[in-house]
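Take a look at the structure below.
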Amino acid sequence: VTIKPIHALVSGVMGEVGTPTLLLQGGESPHSYSLKPSQVKRLHQANLVVWVGPGIEKFLEKPLSMLNSNITVLRLFDVEGLKLLRVRDGAAWEDPSHHHASHSEESGQPEEFDQHFWLDPQNAQIIVKAVATALSKIDPLSATRYQDNAIRLLEQLKQLDDELQKQLIPVKNKNFLVFHDAYQYFENRYELS
């Protein structure tokens, strides 16, 4: 798994069955990263590689294209049902509600969409289901455990979503500033300014 937030979701699905390897340990930016030879070796030893897509991890495009066909690659951007938002531009960003798309409506290229989509807990739930399905296909003997772990994780994400809905009501109309525009899914989900 490439980055920590996705690693957390995959770890939750795997549970006691195993521990996924994390490629980027946290201090590195996935936007400008270069794989180490030891990481390339790990990719070639994997049964499953989970990544967001080239909008986040451009450095993986070429290495993933060189993997054996027996290695499953789950590109999360391609998972059906995700609520996608277009990349924002302009000085004061337009209303994000005008930029929603689903895979069924999608007409643009991946780079036109903000790929920090896991920051909406509803998208995180879709990711969990996709990971459980992929792991179950690779390791059918543990499929029941993956599905059970996914059900528990989905419930935790639902509870988190409910808690955040309540906690963020008092700050819905307060403006805030970030130095990297990576939070629009969170902002959109909780109607933050």
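Secondary structure note: in the chain, about 55% of the DSSP beta bridges are antiparallel.
Note on the chain: percent of Cα-Cα distances in each 10 Å bin, starting at 0 and stopping at the bin with the largest distance, equals 8, 33, 36, 18, 4, 0.
The trypsin sites (Lys or Arg not before Pro) of the range 115-193 that meet both conditions, a loop assignment by DSSP and at most 12 other Cβ atoms within 10 Å of the site Cβ, are 172, 174.
Per-residue 3J(HN,Hα) values for the range 131-137, derived from phi via the Karplus relation 6.51 cos²θ - 1.76 cosθ + 1.60 with θ = phi - 60°, read 5, 4, 5, 4, 5, 5, 5 Hz in sequence order (x marks Gly and Pro). Restricting the range 50-82 to GluC sites (Glu not before Pro) that sit in a DSSP loop and have at most 11 other Cβ atoms within 10 Å of their own Cβ leaves 80.
Of all segments of the chain bounded by chymotrypsin sites (Phe, Trp or Tyr not before Pro) found in a DSSP loop with no more than 15 other C-beta atoms within 10 Å, the longest spans 1-92. Surface calculation, 1.4 Å probe, protein heavy atoms: residue 155 sits at approximately 100 Å² accessible. In this structure, the pairs whose alpha-carbon distance is over 32 Å, taken from 41/137; 62/174; 4/137; 83/137; 62/137, are 62/174. When only the Cβ of Lys, Arg, Asp and Glu is charged (+1, +1, -1, -1), the dipole of the chain relative to its Cα centre reaches about 680 debye. Over the chain, DSSP H runs of length four or greater, each weighted -39,500 (n - 2.57), average out per residue to a 222 nm ellipticity of -12000 deg cm²/dmol. Each part reduced to its alpha carbon centroid, the range 110-164 and the range 1-76 end up 16 Å apart.
The values are calculated or read from the model by the stated rules, or taken from the named source; none is laboratory data. What you see is a predicted model, and the numbers here were worked out from it, not measured in a lab. Ideal geometry is used to build each Cβ from the backbone, glycine not excepted, and the neighbour counts take in all protein chains shown. Areas reflect the complete protein model, heavy atoms only, side chains present, ligands, DNA and RNA absent. Shrake-Rupley method; radii C 1.70, N 1.55, O 1.52, S 1.80 Å.
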